[in-house]
Amino acid sequence: MMDEIRYTAVQVSYYVICRRKLWLFSRGIAQEYESEDVAIGRLIDEVFYRRQRDREEDYTALMDRLKIDFLTVGDGVIVNEVKKSKALERAHIVQVKYYLLAFKRLGVKVKYGIIRYPKLRRTEKVYLSGEDEREIEEILKGIDSVLSLPVPPPPINASYCKRCAYYSFCYG
Ligand code: SF4
């Protein structure tokens, strides 16, 4: 079980998508634009880190904002993620599982996550199992290894590279 939420959900999804992207992003090498997904991830991450950094700090306003925009609260929290396509589905699922784990570690009761693909008119429910928690721990160790590299891993020549904000940086 992890002791802390030491990386952002965006970093976790980048680890799954491309380790080079993770390395570049984590070293602060700017992308050409910040997608809405990344902006949402940042907001959620800000809540988690604020909570971790200073437990006395009032983070209620941010939590409220998150609930209104991304979460449904009944007898537990439902994490909603909206994605454009299923091309990076595994990364989407891992990202949502990381959110679920992060909420759990904050003591928030979570039910499940829903990934919505409006263009495809599809939704997918995501649950967090003990095995998922172990997988996330392995991912976090993998991120440690990638970020300890002195230079970025090489480009991966994936089909989705053309849609990546680092495309010109990697292949320009
Ligand atoms: S363009 Fe491809 S190789 Fe470069 S960071 Fe993006 S996904 Fe990775």
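A short reminder: the numbers here are calculations on the coordinates, not readings from a lab. What you are looking at is a predicted structure, and each value in this text was computed from that prediction instead of being measured. Using ideal geometry, Cβ is built from the backbone for each residue, glycine included, and neighbour counts are taken over all protein chains shown.
Between amide H atoms placed 1.01 Å from N, distances below 5 Å from V110 occur with V77, all of them 5 or more places distant or on a separate chain. Each Lys or Arg adds one and each Asp or Glu takes one away; over the other residues whose Cβ falls under 13 Å from the Cβ of R122, this sums to +4. For segment 111-172, the relative contact order is 17 percent, taking Cα pairs closer than 8 Å that sit 6 or more residues apart in sequence and dividing their mean separation by the residue count. A simple packing score, the average count of other Cβ atoms within 10 Å per residue, orders the peptides 15-28, 81-94, 121-134 as 15-28, 81-94, 121-134, with the highest score first. At an R0 of 25 angstrom, the distance between the Cβ atoms of L149 and E124 translates into a FRET efficiency of 0.15. If you take all other residues with their beta carbon under 11 Å from the beta carbon of E131, and give Lys and Arg +1 and Asp and Glu -1, the sum is -3.
Would you mind getting me the FRET efficiency between L106 and R134? Use the beta-carbon distance for r and R0 = 25 Å, nearest 0.05. Each step should come with its number before you reach the end.
Working: r = 20 Å, r/R0 = 0.79.
Computed FRET efficiency for L106 and R134 comes out at 0.80.
Annotation: amide H-H contacts under 5 Å for V82 (H modelled 1.01 Å from N, sequence separation of 5 or more, or interchain): R116. Evaluated at q = 0.12, 0.21, 0.22, 0.25 Å⁻¹, the base-10 log of the normalised Debye intensity for segment 104-172, with identical point scatterers placed on the Cα atoms, takes the values -0.62, -1.04, -1.04, -1.05.
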